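> Sharing a structure here in structure tokens format.
The values are calculated or read from the model by the stated rules, or taken from the named source; none is laboratory data. Values in this document were obtained by computation on a predicted structure and should not be read as measured data. Backbone-built Cβ (ideal geometry, glycine too); neighbour counts: all protein chains shown.
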């Protein structure tokens, strides 16, 4: 059943794909080892999410992600408009190589965690709430206004977080440039 699910043809169109890895402990050769489970969730044209693929990998490299993406494409994944993932270099490079012309969006949940890691503890609840305004922006211009407000507000109080926001802004708001139709 698992093999049939993993190799089934992808007959629907999935314009949006979310990819991530989950690390699990597995028993191999009488010892426990950590393995990455690469997972792809597609959002179909009706807006429903489906697990469209998964693959066990030793590491999260460009090569392992590339192999996974190639298998999804062989099964019928095409015309992807937006791929969302964390900022893992191997993953991002594989997306660029295998899905040329597709917009890449940095996962806002992962980005929020990265921002909080760069923020003094006392400011974390406040910056977390302020980031929500950025994520709720309806277009790039309003997102830029929010970004500029946040940079002004946190530039001195949380300079590492402000620098991360400034450097990552385009990746975190890429979805706003994707046409609705």
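> Hey, any hits in the stretch 61-72 for a residue that's touching a residue at least 24 places away in the same chain (Cβ under 8 Å), farther than 26 Å from residue 24 by Cβ and either assigned to a helix (DSSP H, G or I) or in contact with a strand residue (DSSP E or B) (Cβ under 6 Å, 6 or more places away or on another chain) (or both)?
So far as the stretch 61-72 goes, no, none of its residues is touching a residue at least 24 places away in the same chain (Cβ under 8 Å), farther than 26 Å from residue 24 by Cβ and either assigned to a helix (DSSP H, G or I) or in contact with a strand residue (DSSP E or B) (Cβ under 6 Å, 6 or more places away or on another chain) (or both).
> What are the residue pairs meeting all of these: first residue in the stretch 35-54, first residue without any contact (Cβ under 8 Å) to a residue 12 or more places away in the chain, second residue outside any strand (DSSP E or B) and surrounded by fewer than 16 Cβ atoms within 10 Å (Cβ to Cβ), Cβ atoms under 9 Å, and 6 or more apart or on different chains?
Sorted first by the residue in the stretch 35-54, then by its partner, the pairs are 46/12.
> I'm told residue 180 meets every condition in (1) modelled with pLDDT under 95; (2) surrounded by 15 or more Cβ atoms within 10 Å (Cβ to Cβ); (3) over 16 Å from residue 19 (Cα atoms) except one. Can you identify the failing condition by its number?
If we test residue 180 against (1) modelled with pLDDT under 95; (2) surrounded by 15 or more Cβ atoms within 10 Å (Cβ to Cβ); (3) over 16 Å from residue 19 (Cα atoms), just (2) comes out false.
> Can you tell me how many residues in the stretch 79-96 are surrounded by 15 or more Cβ atoms within 10 Å (Cβ to Cβ) and outside any loop (DSSP other than H, G, I, E, B)?
Result for the stretch 79-96: 10.
> Among the residues that make up the stretch 149-165, is at least one of them assigned to a loop (DSSP other than H, G, I, E, B), under 30 Å from residue 62 (Cβ atoms), more than 14 Å from the chain's Cα centre (by Cα) and modelled with pLDDT of 95 or more? Break it down stepwise before answering.
In the first step, residues of the stretch 149-165 are kept if they are assigned to a loop (DSSP other than H, G, I, E, B); the result is 155-158.
From what's left, under 30 Å from residue 62 (Cβ atoms): none.
Checked against the condition, which is being assigned to a loop (DSSP other than H, G, I, E, B), under 30 Å from residue 62 (Cβ atoms), more than 14 Å from the chain's Cα centre (by Cα) and modelled with pLDDT of 95 or more, the stretch 149-165 yields no hits at all.
> Can you find even one residue in the stretch 88-100 that is farther than 25 Å from residue 135 by Cβ, in contact (Cβ under 8 Å) with a residue 60 or more places away in the chain and touching a strand residue (DSSP E or B) at 6+ places or on another chain (Cβ under 6 Å)?
No.
> Right, here's the next one. Any chance the stretch 16-34 includes a residue that's within 30 Å of residue 176 (Cβ to Cβ) and part of a loop (DSSP other than H, G, I, E, B)?
Within the stretch 16-34, none of the residues are within 30 Å of residue 176 (Cβ to Cβ) and part of a loop (DSSP other than H, G, I, E, B).
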